[in-house]
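See below for the structure under consideration.
The values are calculated or read from the model by the stated rules, or taken from the named source; none is laboratory data. Since the structure is predicted, the reported quantities are computational estimates derived from the model, not experimental observations. Here the Cβ is made from the backbone with ideal geometry for all residues, glycine too, and neighbour counts use every protein chain on show. Only protein heavy atoms, including side chains, enter the accessible area calculation; ligands, DNA and RNA are left aside. Shrake-Rupley method; radii C 1.70, N 1.55, O 1.52, S 1.80 Å.
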Amino acid sequence: MEENQQGEQQEMEQAIQPIVEMGSSTIRTGRGTVHVLTIVGQIEGHQLLPPTSKSTKYEHVMPLLAMVEESEEVDGLLVLLNTVGGDIEAGLGIAELIASMSKPTVSLVLGGGHSIGVPLAVAPKRSLIAPSASMTVHPIRTNGTLIAAPQTYHYFDRLQERIVRFVTKNSGISEKKLLALMLAAEDMAADVGSILYGEEAVADGLIDRVGTLADAYEELYTLIAASRAAAKPRRKRAAQEK
């Protein structure tokens with residue numbers, strides 16, 4: 001009896017450890033196995049954030065995404081987002097990985113998906129946003145010392161083009177509309193840009209639909225079922241060729 005209890009305790013600790021260390025977990029049901037990844041706080045790049053800041057570290061997330069893509073046990077990925085943004089290139093790198101995955105992927109914006117969180121939100125094959133959640137869209141900006149040279153502004157322009165191109169490719173928003181939201185001057189007190197809430201983000205084509213956690217799971221399980229149905233003929237042909 002004690003051995004069984006100890007075994008159950010060890011299994012529970014093993015299941016909890018990834019949640020504590022990396023904010024991720026794997027859920028197994030009859031409809032499929034889903035890996036849940038949370039992206040919270042600031043996206044940490046090459047510079048370490050203070051220990052008092054909530055952060056998502058790209059050196060943790062990138063190998064995790066590579067593992068999920070290749071794992072035969074995982075059927076799909078659910079990304080839960082509540083981020084204020086952060087390092088642009090780290091966030092864009094994570095978004096590119098998610099967008100390139102062959103497995104079913106769904107995102108759910110909870111609280112906020114601000115700044116570089118926008119590409120992260122639209123990267124999966126389907127994106128949802130909670131009714132109370134918001135997304136801040138604004139131009140590229142930086143803190144600290146800045147070299148006031150034409151090359152610096154050219155670099156910012158090219159970096160912004162990369163983000164605009166990625167977002168428009170992976171969502172239903174047009175480049176013209178996205179740039180208009182980024183450069184709007186009426187919505188933010190000390191900055192240019194726009195704040196979009198649940199229904200507004202959907203109406204502008206940035207996010208696919210308003211939904212809850214249950215809706216996000218349903219979207220993902222539907223994609224998993226479609227992926228399995230498409231894989232059956234391929235497996236059948238492969239077996240016949242052998």
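Using Cα pairs under 8 angstrom and six or more residues apart, how large is the relative contact order of the range 138-229, in percent? The partial results should precede the final answer.
On the way: 66 pairs, mean separation 21.3, N = 92.
Taking the mean separation of contacting Cα pairs over the length of the range 138-229, I get 23 percent.
Taking amide H positions as placed in the peptide plane 1.01 Å from N, state which residues far from I207 in sequence (5 or more) or on other chains have amide H under 5 Å from it.
For I207, whose amide H was placed from the backbone, the distant partners under 5 Å are V202.
Per the 1.4 Å probe, what fraction of the accessible area of the range 24-157, in percent, lies on carbon and sulfur atoms? Walk me through the intermediate numbers first.
Numbers: 3450 of 6220 Å².
Exposed carbon and sulfur together represent 55 percent of the surface.
For the range 75-90, take each phi angle, set θ = phi - 60°, evaluate the Karplus expression 6.51 cos²θ - 1.76 cosθ + 1.60, and give the result in whole Hz per residue in order, putting x for glycine and proline.
Values per residue, Gly and Pro as x: 9, x, 10, 10, 9, 9, 10, 8, 10, 8, x, x, 4, 5, 5, 5 Hz.
For the modelled label position 7 Å from the Cα of A184 along Cα-to-Cβ, which residues of the range 89-120 have backbone nitrogen atoms closer than 20 Å?
Flagged as within label range: 109-120.
When DSSP beta bridges are limited to those with both residues in the range 94-242, what percentage is antiparallel, rounded to the nearest 5? Each step should come with its number before you reach the end.
Values: 4 of 11 bridges.
Rounded to the nearest five, the antiparallel share is 35 percent.
Does a label point 7 Å from the Cα of S71, set along Cα-to-beta-carbon, have any residues of the range 26-44 with amide nitrogen under 17 Å, and which are they?
From the range 26-44, the list is 26-39.
Which order do peptides 154-162, 172-180, 55-63 fall in by mean Cβ count within 10 Å, highest first?
The most tightly packed comes first, giving 55-63, 172-180, 154-162.
To the nearest 0.05, how large is the calculated FRET efficiency for R141 and R28 if R₀ is 51 Å and r is the Cβ-Cβ distance?
On the way: r = 42 Å, r/R0 = 0.83.
My answer for the efficiency is 0.75.
So for the pair L159, A226, with labels modelled 7 Å out along Cα→Cβ, what separation do we get in nm?
With each label point 7 Å from Cα toward Cβ, the separation is 3.6 nm.
Express the relative contact order of the range 37-159 as a whole percentage, based on alpha carbon pairs under 8 Å and six or more residues apart in sequence. Show your work: numbers first, answer last.
On the way: 209 pairs, mean separation 27.0, N = 123.
Reported as a whole number, the value is 22 percent.
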